[in-house]
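Written below as structure tokens is the structure these notes are about.
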Amino acid sequence: MSLFALGRLDGIQEKGNETLKDIYFNLDKSIQSLRNISTELRPLILDTLGLFPSIEWLLNEFYKKTHIKYSIYNQVEENIKGKTISTGIFRIFQEALTNITKHAKATKVEVKIYKQDNKIYFEITDDGIGIDNSKSKSPFSMGILSMNERAKLIRAQLSIEQVQPHGTKIIMVLNLKNNHD
Ligand SMILES: Nc1ncnc2c1ncn2[C@@H]1O[C@H](COP(=O)(O)OP(=O)(O)O)[C@@H](O)[C@H]1O
Ligand SMILES: [Mg+2]
């Protein structure tokens, strides 16, 4: 976006402008292929291991990258293998962890997965600075928006809460009834 904006500034010479367009075009293509690669990589681990081990793998990768500690408590015995549901939940976890990496300044992350009344609850809690509401509602906040969209697709409810004294909790509730895949 900054490149795009730069290209529109007055006073940039014709030649420089062409170069900017090239960079912009190539960057855009790279982002596209990166997206394709990561969406193609995703089902591999999900298909072979199912959802829960994939979440553990994700957390472990997150730890290797950030050195933020995590704990995982999973009370649900049967693994989730359905493609749509497991992909949706996996993606929501991915975005939540990316946000913790980028914004939270957290020292630890707690994941809880449990079952109640035919629903599975997924909670991701960090002990970071918490979400500044004015920022999360900005039109550039595509991450939270896409988490909500993904939740809708699998008919899960997603909510985000402030944690005391500080931090963020994401709660996802997946209704197992009428949710076939
Ligand atoms: N775990 C978190 N801790 C603190 N702030 C957060 C967290 N997750 C999201 N935010 C805030 O909410 C905003 C919106 O997040 P998101 O929609 O994912 O957009 P982006 O990550 O691209 O900024 C972030 O810019 C950040 O200010
Ligand atoms: Mg984000």
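Computed from the coordinates by the stated procedures, all read-outs in this text should not be read as laboratory data. Small disclaimer: the values here were computed from a predicted structure and weren't measured. So basically every Cβ, Gly included, is an ideal-geometry build from the backbone, and we count neighbours across all protein chains shown.
How would you rank 71, 54, going from fewest to most other Cβ atoms within 10 Å of each one's own Cβ?
By the 10 Å Cβ count, ascending: 71, 54.
Can you pull out the GluC sites (Glu not before Pro) in the range 57-134 that DSSP calls coil and that have at most 15 other Cβ atoms within 10 Å?
77, 78
Could you pull out every residue, at least 5 positions away or on a different chain, whose amide H is within less than 5 Å of the one on residue 109? Hs are placed 1.01 Å off N in the peptide plane, and Pro or chain starts have none.
Those qualifying (amide H under 5 Å, at least 5 residues apart or on another chain) are 69, 70, 71.
Counting other beta carbons within 10 Å of each residue's own, what order do 111, 163 fall into, fewest first?
Arranged by neighbour count, lowest to highest, 111, 163 become 163, 111.
If N is the number of residues in the chain, what value comes out of its Cα radius of gyration divided by 2.2 N^0.38 Å?
1.21
Scanning the chain for trypsin sites (Lys or Arg not before Pro) in DSSP loops with at most 16 other Cβ atoms within 10 Å, what's the longest stretch left with none?
Values: sites that count: 81, 105, 137, 155, 177.
Here the longest segment lacking exposed loop sites spans 1-80.
If neighbour count is taken as other Cβ atoms inside 10 Å, put 166, 103, 67 in order from fewest to most. Write down the numbers at each step before the final one.
Details: 166 14, 103 18, 67 8.
Ordered from fewest to most neighbouring Cβ atoms within 10 Å, 166, 103, 67 come out as 67, 166, 103.
Can you list the HN-Hα couplings for the range 23-32, worked out from phi with the Karplus curve (6.51, -1.76, 1.60; θ = phi - 60°), rounded to whole Hz and with x for Gly and Pro?
These are the phi-based 3J(HN,Hα) values: 4, 4, 4, 5, 4, 4, 5, 4, 4, 4 Hz.
In sequence order, what are the phi-derived ³J(HN,Hα) couplings for the range 118-124 according to the Karplus relation 6.51 cos²θ - 1.76 cosθ + 1.60 with θ = phi - 60°, rounded to whole Hz, with x for glycine and proline?
After applying 6.51 cos²θ - 1.76 cosθ + 1.60, I find 6, 10, 9, 9, 10, 10, 10 Hz.
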